[in-house]
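Below is one structure, written out as structure tokens; comments come after it.
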Amino acid sequence: MKRIISILSCALALMTAVSCDWFELDNQEGWNAKVQGKILDAKTGQPVQSEQGASITVIEQGWTDPVSGNPISQNQSWRIKNDGTYRNDLVFAGDYVMNTVSGANFVADPVSFKLNKGDNTVDFTVNPYCRILNPVVTYEGGKIKATFTIEAGISQVNNIGTVYLCVYPDRFVRNGYNKCKNDPGAMTKNVTPDGKTQVTLYVDTQLDKNADEFQYNRPHYIRIAAVGAHYSIVPEWTEEVTTDEFDMEAYLAAGMPEDWWNYFKKITVVHPAEYANDGSINVSNAYNYSPVYKLENGTITEVTDW
């Protein structure tokens, strides 16, 4: 019993000696700032329409490596709403730099800004790869119709490779969420981005391939998606391709060598010339978008309550 009491006494003494460290509260100040704003088109002053999951990269300044003492950057991704606005209520006051990364549907120079404690509003001015101008979306005779023009947002964009009229039973409609992608009237290619060439796309809700989607009377959401980039002619080129056919006769005649994989037959494939994104800008083929429209009971309205 004395031994147990002695052990307990030692343990108690140890806890007493370190209790201040164990139970000391963290005095690091928590998030003390909020920020909201818009991603604005440098030409039109209007928000650049985006898609679910899009973001800007923001770098918090003023951090140093505790070992080397060298400055380090703390990257953050701030999500953008479909209408080109954003909000983040869990940030620290301090100095920041906004710096876009690959995958965005716009280009922008890095910009420094400061957040103060409390509420902040910070808008960012950017140049989209392309602009969908004056969209008019109507519904008549079972057809969804969209008429618009497309303009290059930066000088390097010389072609709009693909344009879709996207329809989906959810307001987050986009190129990847499109139930009518196989409708022949809902897609076009190689549009001149001069802001003058009129484009008209249709989705026929009575088409057989759309019948399953429109069999129920439920709301549908509509959006125009366009990808702008620099396109150039890729010349015809040839490629030697290994087939799945093994040349057993040649393999045996050679005495069954160890490099057996070299005895699969090969063919020459000719790739024709094509007009394609040369990768100089918009490598990821990011889409630019129109606002989102809602079709319900035959009526089209623009979605604004993001």
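Numerical summary
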{"item": "Sparse-neighbour loop sites [GluC sites (Glu not before Pro); the stretch 218-306; at most 11 other C-beta within 10 Å; DSSP]", "result": "Glu236, Glu258"}
{"item": "Cα gyration tensor, the stretch 132-178 - rounded (a/c under 1.5), prolate or oblate", "result": "oblate"}
{"item": "The chain, relative contact order in percent, only Cα pairs under 8 angstrom and at least six apart counted", "result": "17"}
{"item": "Between helix 2-22 and the chain: long-axis angle, C-alpha atoms, 0 to 90°, nearest 10", "result": "60"}
{"item": "Prolate/oblate/rounded call for the stretch 33-127, Cα gyration tensor, a/c under 1.5 rounded", "result": "prolate"}
{"item": "Whole-Hz couplings from phi, Karplus 6.51/-1.76/1.60, listed for the stretch 183-190; x for Gly and Pro", "result": "6, x, x, 9, 8, 8, 10, 6"}
{"item": "Shape call, the chain: gyration tensor on alpha carbons, a/c limit 1.5", "result": "oblate"}
{"item": "Around Ser290: net Lys/Arg minus Asp/Glu count, Cβ-Cβ under 12 Å", "result": "0"}
{"item": "Cross-link pairs Lys43/Lys143; Lys43/Lys114; Lys34/Lys179; Lys114/Lys294 - those with Cα-Cα distance over 26 Å", "result": "Lys43/Lys143; Lys34/Lys179; Lys114/Lys294"}
{"item": "Cβ-derived FRET efficiency at R0 45 Å, Val234 paired with Asp65, nearest 0.05", "result": "0.50"}
{"item": "Within the stretch 154-229, chymotrypsin sites (Phe, Trp or Tyr not before Pro) in DSSP loop having at most 16 other beta-carbon neighbours inside 10 Å", "result": "Phe172, Tyr216"}
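Each reported figure results from applying straightforward, stated rules to the coordinates on display, with no laboratory input. Source: prediction; values computed, not measured. Virtual Cβ from ideal backbone geometry, glycine too; neighbours counted across all protein chains shown.
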